[in-house]
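First comes the structure, then the notes that go with it.
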């Protein structure tokens, strides 16, 4: 279960520990604290018989052990917080996530506070700050993708994915299956439901009213009392239902049952509204296209943060850290790209 806390940030645990050490080293290098000094001016952070460990020694080791990752996290925290203010939405997101984590640990009988400590967090507020930062990174990524969208991409998405709403009626026949059934019993229940749907279509063929049959037979409790009437938009129903409704002409009903995860649908298409103009739904198109791109390309947050660092004129003066940073970025892009393919 401890991994759950780590998942929100790949380097959270190490980051906390390394950051604390880097901070100590930074204080030492600036002359803060009561520390010993060697003849050459180097400050000693620890010593034992025959060996003195200096701040410079420690800093060099920390660079090797995740220094670039820690540096990148510090940079990103600064630039992201400069770009995106902490508003009510960010607070609500963090509170919701925090509550979800607590409930998850409680359900497994584990100590959430102990998990926080093990992950390197001081307290809940410390962890909440990370959740807020995560929310802001998501906003930064969305803004980056939106800025990169071309007019042709928006037009193409509109042409292929935006439809007028469809007014319809439907009758749903759900198989009477239970978890403790055998596979053969479930198959038999499926056959029975399909046969019932086919029999209803025969009744329609004989002239019986669709709404009357919906009230009598439909398993969709939300629409049965209204004669199966509903209005659907693209994406608001399962694909099979939309495709079945979209293929019909106004005034037609399904000649064969339409199977979905819910059972067997018989669809009657009343009418389809005119497709809205692009200017009316452009913001929705951009939002939908943005989320689709983010879902299909796990490198986009990395690219968005790289662009933001560039905006703030990031320069890494330490050659070792610079090389490690570049390797880390290239690795992240490569790993994320492979995982999204």
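Any read-out appearing in this document is the output of simple, stated calculations on the displayed coordinates, not a laboratory observation. Just so we're clear, the structure is a prediction, and the values are computed from it rather than from any experiment. So basically every Cβ, Gly included, is an ideal-geometry build from the backbone, and we count neighbours across all protein chains shown.
Hey, what's the Cα Rg ratio for the range 193-264 versus the globular rule of thumb, 2.2 N^0.38 Å?
Working: Rg = 11.9 Å, N = 72, 2.2 N^0.38 = 11.2 Å.
Against the empirical 2.2 N^0.38 Å value, I get 1.06 for the range 193-264.
Let me know the shape class of the range 152-235, please: from the alpha-carbon gyration tensor, a ≥ b ≥ c as square roots of the eigenvalues, rounded when a/c is under 1.5, otherwise prolate if a/b is greater than b/c, or oblate.
Working: a/c = 2.55, a/b = 1.47, b/c = 1.73.
Oblate.
Please identify, among 240, 91, 83, the residue showing maximal mean-square fluctuation in a Gaussian network model of the chain using a 10 angstrom Cα cutoff.
240
So what is the 222 nm mean residue ellipticity for the chain from helices alone, if each DSSP H run of at least 4 adds -39500 (n - 2.57) and you divide by all residues, rounding to the nearest 500 deg cm²/dmol? List each step's numbers first, then the result.
On the way: 14 runs with 204 residues, N = 341.
Helix contribution divided over all residues of the chain: -19500 deg cm²/dmol.
Which order, highest average first, do 94-100, 127-133 follow once you tally other Cβ atoms within 10 Å for each residue and take the mean per peptide? Before the final figure, lay out each step's value.
Details: 94-100: 14.3, 127-133: 19.7.
Output ranking for 94-100, 127-133: 127-133, 94-100.
May I have the convex hull volume per residue, in Å³, for the Cα set of the range 260-302? Show your work: numbers first, answer last.
Details: hull volume 4.7 nm³, N = 43.
That works out to 110 Å³ per residue.
Can you give me the relative contact order of the chain as a percent, contacts being Cα pairs under 8 Å and 6 or more apart? The partial results should precede the final answer.
Details: 386 pairs, mean separation 63.5, N = 341.
Taking the mean separation of contacting Cα pairs over the length of the chain, I get 19 percent.
Over the chain, with a single point scatterer placed on each C-alpha, what log10 of the ratio I(q)/I(0) does the Debye formula yield at q = 0.07, 0.14, 0.15 1/Å?
Computed log10 I(q)/I(0) values: -0.53, -1.18, -1.23.
Using Stokes-Einstein with the Kirkwood hydrodynamic radius over Cα pairs, what translational diffusion coefficient do you get for the range 88-135 at 25 °C and a viscosity of 0.890 mPa s, in µm²/s rounded to a whole number? List each step's numbers first, then the result.
Working: Rh = 10.9 Å.
Using the Kirkwood radius from Cα pairs, D works out to 225 µm²/s.
The range 57-208: Rg/Rh from Cα coordinates, Kirkwood Rh? Write down the numbers at each step before the final one.
Working: Rg = 27.2 Å, Rh = 22.2 Å.
Reported Rg/Rh (Cα atoms, Kirkwood Rh): 1.22.
Cα extents of the range 212-341 along the three principal axes, largest first, in whole Å?
Projected onto its principal axes, the Cα set of the range 212-341 covers 77, 33, 23 Å.
For the chain, set up a GNM with springs between Cα atoms under 10 Å and report which of 74, 306, 181 has the largest fluctuation.
Result: 181 has the largest fluctuation of those listed.
To the nearest 10 degrees, how steeply does helix 183-205 sit against the main Cα axis of the chain, on a 0 to 90 scale?
So the inclination is approximately 50 degrees.
Tilt of helix 68-83 relative to the longest C-alpha principal axis of the chain, in degrees (0 to 90, nearest 10)?
Rounded to the nearest ten degrees, it is 60.
Just how far, in whole angstrom, is the range 151-220 from the range 40-110 if you go by their alpha carbon centroids?
About 53 Å separates the Cα centre of the range 40-110 from the one of the range 151-220.
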